[in-house]
Amino acid sequence: MSRTLALPTLALGLLLGAQAGAQDVTPDLPRTELKVVGGLSNLTAYQNNEQPFWTKTIPERSGGQVTATVQGFNEMGLKGPELLRLIGQGVVPFGTATLSYFAGDNPINEAIDLAGLAPDVATARTVTEAFEPVYSDFYGKNRVKVLGISTYPAQVLFCNAPITGLADVKGKKVRTSSRTTGEFVQALGGTAVTLPFGEVVPALQNGVVDCAITGSMSGYSAKWYEVSTHLLELPINWNQQIHAANLNTWNQLDPKVQDFLQIQIDGLVNQIWDAAARETQMGYDCNTGAAACDQAVKGSMTLVQPTDADRELLRQITAEVVVPKWAARCNEQCVKDFNDTIGKELGIVASK
């Protein structure tokens, strides 16, 4: 593994930090150079947001005292699911990672993004903020300092055949990207199929799957509108990102740099959440060819509006199937933490 990973690195998610608030330049910072391991370098989130944040915003706001170079984790020879372990080990001192990558390591990583738990961005943020102290505690014991949690836009259902609502998943083969979305699809009477993102287009085209779940804008960027006909405007999950640092590495930074970075991260995370709603809508608009889409190429999918029955079905499956299945594989403390935070916010009780 490259020795550059042993340098201070900081990877954060999606949105240009230059827009993370009107913080003034922070004076008198000690000279600090950061090596950044970002998200997938071929995605617009990295190209349009992470890269300019670290190469322009951070130097500008630090008066040139804090500088950074940035590479996507794929460019570093990493696959993503190993990032939190590497952060805890200090191999990657700072990094960002999608929590659903680590569902197999510990079910606690699924808690804030159980399928159907947050049918809108406001609820997703409420759930995330309620549970963030639990993650801070949990990962602190594993030598990881949580710096913030952000999100991707809504993960929604693309289908290559007509659908009128959520119930039409029954009998269909659906590409899912996490265990909890797989359980959700199965509860609807569908068949969950695990496929890498890059294989979804030919799978939809050739009928290997009938539907697939991904971010509304991710699907647009990957041209799923060319092989899909219907898009359900109902968030199933969100794919939150944890921004974290190796605890020892963080403690070795000058306190002024710590304060500076945390302020920038807080502002960036706020903007990412705001952007998630906008980008979710942009995905709907651009996949369906709405006038509001500002992209050069527009799809012509049919946008399916969820009904009250769809929302009730979503809520019912989450409460009666998804949450109980998750609780069965999480330990008692995990379930208690869920009930004391997310459960109180949403009126859902998980039990072993």
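Let me spell out the model: positive unit charges on the Cβ of Lys and Arg, negative unit charges on the Cβ of Asp and Glu, origin at the Cα centre of the chain. What dipole size does that give, in debye rounded to 20?
Working: 27 positive and 35 negative charges, 163 e Å.
Charge dipole, the chain, about its Cα centre: 780 debye, nearest 20.
Under 5 Å from the amide H of Gly148 lie the amide H atoms of His243, each residue being 5 or more positions distant or on a separate chain, with H modelled from the backbone and absent for Pro and chain starts.
Toward the positive end of the charge dipole of the range 83-160, with +1 on the Cβ of Lys and Arg and -1 on the Cβ of Asp and Glu, the farthest Cα among Tyr101, Leu84, Pro133 is that of Leu84.
Computed over the range 182-228, relative contact order equals 30 percent, with contacts defined as Cα pairs under 8 Å that lie 6+ residues apart. Please determine, in degrees from 0 to 90 and to the nearest 10, the orientation of helix 255-288 with respect to the longest principal axis defined by the Cα atoms of the chain, where the helix direction is its Cα long axis. Relative to the chain, helix 255-288 is tipped by roughly 20 degrees. For the range 286-350, the relative contact order works out to 19 percent when only alpha carbon pairs closer than 8 Å and six or more residues apart are counted.
Arranged from highest to lowest average of other beta-carbon atoms within 10 Å per residue, in what order do the peptides 94-102, 59-67, 262-270 appear?
Those peptides, ordered most packed to least, come out 94-102, 262-270, 59-67.
What do you get for trypsin sites (Lys or Arg not before Pro) in the range 146-240 restricted to DSSP loop and a cutoff of at most 15 other Cβ within 10 Å of the site's Cβ? Let's see the in-between values first.
Details: sites: Lys170, Lys172, Lys173, Arg175, Arg179, Lys223; in loops: Lys170, Lys172, Lys223.
Loop-located and lightly packed - Lys170, Lys223.
What is the helix-to-structure angle for 308-317, meaning the angle in degrees between its Cα long axis and the longest Cα principal axis of the chain, kept from 0 to 90 and rounded to the nearest 10? Between the helix axis and the principal axis of the chain, the angle is about 70 degrees. Within the same chain, aspartates and glutamates fewer than 8 places from Lys170 are excluded, and of the rest, those with a Cα less than 19 Å from its Cα are Glu183, Asp210, Glu233, Asp308, Asp310, Glu312, Glu320. In the elastic network of the chain, a GNM with C-alpha springs shorter than 10 Å, the most mobile of Leu29, Leu232, Leu204 is Leu29. Find the relative contact order for the chain and round it to a whole percent, using C-alpha pairs within less than 8 Å whose residues are 6+ positions apart. Computed over the chain, the figure is 22 percent.
Over 26 Å between Cα atoms, which of Lys172/Lys344; Lys56/Lys256; Lys145/Lys325 qualify? Don't skip to the answer; put the middle values down first.
Details: Lys172/Lys344 34 Å; Lys56/Lys256 20 Å; Lys145/Lys325 29 Å.
Table pairs above 26 Å Cα-Cα are Lys172/Lys344; Lys145/Lys325.
Listing Lys336, Lys352, Lys145 from the residue with the fewest other Cβ atoms within 10 Å to the one with the most, what is the order? It would help to have the intermediate numbers written out before the result.
Values: Lys336 15, Lys352 11, Lys145 20.
In order of increasing Cβ crowding within 10 Å: Lys352, Lys336, Lys145.
Taking amide H positions as modeled 1.01 Å from N, with prolines and chain starts lacking one, the residues under 5 Å from Leu195 and 5 or more places away or on another chain are Thr176. For the chain, the longest principal axis of the alpha carbon atoms and the long axis of helix 121-140 meet at an angle near 50°. Think of it as helices only: each DSSP H run of n ≥ 4 in the chain is worth -39500 (n - 2.57), and spread over all residues that comes to -10000 deg cm²/dmol at 222 nm. In sequence order, the range 203-210 has phi-based couplings of 5, 5, 5, 9, x, 5, 10, 9 Hz under the Karplus curve 6.51 cos²θ - 1.76 cosθ + 1.60, θ = phi - 60°, and Gly or Pro positions carry x. Scanning residues 5 or more positions from Gly215 or on other chains, those with amide H under 5 Å from its amide H are Val156, with H placed 1.01 Å from N in the peptide plane.
Rounded if a/c is under 1.5, else prolate if a/b beats b/c, else oblate: with a ≥ b ≥ c from the C-alpha gyration tensor eigenvalues square-rooted, which is the range 258-352? It would help to have the intermediate numbers written out before the result.
On the way: a/c = 3.34, a/b = 1.31, b/c = 2.55.
Oblate is the answer for the range 258-352, as a/c is 1.5 or above yet b/c matches or exceeds a/b.
Taken together, the values in this text are just the output of simple stated rules run on the coordinates, not laboratory data. Predicted model only: the values in this text are computed from it and were never measured. All Cβ positions, even for glycine, are placed from backbone atoms using ideal geometry, and neighbour counts span all protein chains on display.
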